[in-house]
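The values are calculated or read from the model by the stated rules, or taken from the named source; none is laboratory data. Computed from a predicted structure; not experimentally measured. Counting neighbours? That spans all protein chains shown, and the Cβs are built from the backbone with ideal geometry, glycine included. Just so you know, the surface numbers come from the protein's heavy atoms only, side chains and all, with ligands and any DNA or RNA stripped out. Shrake-Rupley method; radii C 1.70, N 1.55, O 1.52, S 1.80 Å.
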Amino acid sequence: MKTARIFQLTALTLVLVSVLTVCWWIYDQHQYTTARVREARALYTEQQAAGRALLEAGVPATRVSALLPDLIVRERELALSPAIEATLAQEQAHRTNQYLWEGGFFLLALCACIAVIWRALRAEAEVLKEQDNFLALVSHQFKTPLASLQLSLETMALRTLSPEQSRTLIDRMLADLMRMETMVSQILDSVRLARGRVELKREPVALAGVVARVVGQFQERAAKDRIRIETQVPDGLQVLADPLAVDVVVRNLLENALAAVAPVGGGKIQLVSRRVGAEVELSVRDSGLGFRAADQSRLFEKFSRLHPAGGSSYYGTGLGLYIVKRLMQLLGGRVTARSDGLGKGAEFVLVWPHAEPS
């Protein structure tokens, strides 16, 4: 990466030097053309002076015109022929335009090179920034469950525990392992989605079954955080999508809602689905932290974590909503989000094509 950056900076420097060289060449050629025309005019001025001297010496005007064909004698006054004037002006304009067109072409090509190199440098800077954010975030998020695992294992190794205490520690370790597994899965999913290495099916998926299965997996955690999950998904409602992808997007949105509601001491999450024309909507509403309107565009970016309290009390990689948006795009659906502001909850809406029952 460092070698490539050095090469890009070197190439950018050389291109900038080339731009300055072309600009100087255009200026120099313009000055050269102007000087040549000026020299030609000076020669014709000398001819006019010589012709005037001949006229004053009594040489007939016809004889002077024959000797100096580029001059016109009018009432004993000499002037440069209009044809010569036009030729000089045309020659100056021709050469100037030629240099401008040639130089302009090279400048355009060089500017395109600068744009490409600059874009590559910016892209590399963004990659480096993402890598730094990723390492910092993942290190922080893995540190908490690892510390919890270490503490639980040390407690079991150094103390004699009752069956109830052992069960509590085992449950805690299993929860920590599940958290780390979830984070690893999100990281791998985001990499595959970013590189387009995901093959998705298009088949009818019963939405009620997916929602019921995902909600069932989070009921225990929701109960611990005093969160009530309500579902209103009609039976028989099907979407045209990939079954695993639907499971992933519903799971990530529910996890996001739990992370938003837990810091405020509990609340409610509603999953409501309905058919709208040829589409099916699934709304996930929560009574949690919400977000500002200015932050809406950042919600679905990689490593985006807008919950001020969730960052310290909730595990996660900041990839969940990015995965949701990318999967919905690949499935031909869409996802939107809205909130009335901080502390007023949020609503995420998934939209898929409707699939007729077979």
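Brief remarks follow.
- In the chain, excluding the sites themselves, the longest stretch lacking any of the trypsin sites (Lys or Arg not before Pro) that are in a DSSP loop with at most 14 other Cβ atoms within 10 Å is 77-158.
- Size descriptors for the range 200-301: radius of gyration and Dmax over Cα atoms are 14.3, 40 Å.
- Rounded, prolate or oblate (a/c below 1.5 giving rounded, otherwise prolate when a/b exceeds b/c) for the chain by Cα gyration tensor: prolate
- Of LYS268/LYS344; LYS143/LYS302; LYS129/LYS201; LYS143/LYS224; LYS224/LYS268, those spanning more than 24 Å from alpha-carbon to alpha-carbon: LYS129/LYS201
- The chain, relative contact order in percent, only Cα pairs under 8 angstrom and at least six apart counted: 14
- Among GLN48, TRP352, SER339 the positive-end extreme of the charge dipole of the chain (Cβ point charges): SER339
- At R0 = 51 Å, FRET efficiency that the Cβ-Cβ distance of SER81 and ARG298 yields, to 0.05: 0.10
- Where labels lie 7 Å past Cα in the beta-carbon direction, separation of TRP25 and TRP118 in nm: 2.2
- In the chain, the calculated helix contribution to ellipticity at 222 nm averages -22500 deg cm²/dmol per residue, counting -39,500 (n - 2.57) for every DSSP H run with n ≥ 4.
- Counting only protein heavy atoms and a 1.4 Å probe, the chain has 59 square angstrom of accessible area per residue.
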